[in-house]
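The values are calculated or read from the model by the stated rules, or taken from the named source; none is laboratory data. Keep in mind that what you see is a predicted model, and the values were worked out from it rather than measured. Please note: Cβ atoms are built from the backbone with ideal geometry, for glycine as well, and neighbour counts cover all protein chains shown. These accessible areas exclude ligands, DNA and RNA; they are computed on the full protein's heavy atoms, side chains included. Shrake-Rupley method; radii C 1.70, N 1.55, O 1.52, S 1.80 Å.
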Amino acid sequence: MPAKTAVPATVTWGLLAAWVLNDVEELATMARFSQVPQRRVNIAIGLMGCVVAAASAEGARTGGRSRFFRTAVTAFGLHGVTHLASAAALGRYTPGVATAPTVVIPYALWAAHRMRSAGMPLTNGDALEAVLHGLGLAAVTTATVHAVAWLAMRRST
């Protein structure tokens, strides 16, 4: 394996760019699909954007070496798989499924390849651990942003 070298900004800031593309789709469709108020969806998506921006910035600052960034890339890729699974389970369109196979998963696979080529694989040798960390980050972050959005909506009524 080659020595660790920094990955380009297209990899680190690419996470934020890919997230924006996926979440524009979710922003446009989630409230109607889930019957959650649009304002609550906006708050949750905005908060998640802050987390993804922080992960991208940390990835850029460390040349991709940040564990937070690498875990966020894993979480983002797994999030794309959940979009496909939800659409398959329901047998219809679900928010985010159009960009999951066209943006989310391709970005995550490309970023993983670029990072592996730079000597910093996402898995650190233990794929199960990487998946569990990615799922953990995705679950905790998603639950937190939705809880904060729900609280914000309650306080405003």
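Just a few scattered comments:
- Of the residues in region 71-93, at least one is assigned to a loop (DSSP other than H, G, I, E, B), modelled with pLDDT of 95 or more and not small (Gly, Ala, Ser).
- Residues within region 125-149 that are without any contact (Cβ under 8 Å) to a residue 24 or more places away in the chain and over 26 Å from Met30 (Cβ atoms), tallied: 6
- Whenever a residue of region 29-42 is more than 10 Å from Met153 (Cβ to Cβ), its partners that are polar (S, T, N, Q) and open to solvent by 70 Å² or more (accessible area, probe 1.4 Å), lying with C-beta atoms within less than 9 angstrom and at least six residues away or across chains, give the pairs Met30/Gln38; Ala31/Gln38; Ala31/Asn42; Arg32/Gln38.
- When we screen Gly96, Gly134, Gly77 for residues that are of a type outside the set (Val, Ile, Thr), buried (at least 17 other Cβ atoms within 10 Å of the Cβ) and in contact with a His (Cβ under 8 Å, 6 or more places away or on another chain), the only hit is Gly96.
- Only one entry of Val145, Val52, Val131 meets the criterion of being out of contact with any Ser or Thr (no Cβ under 6 Å at 6 or more places or on another chain) and modelled with pLDDT of 95 or more, and that entry is Val52.
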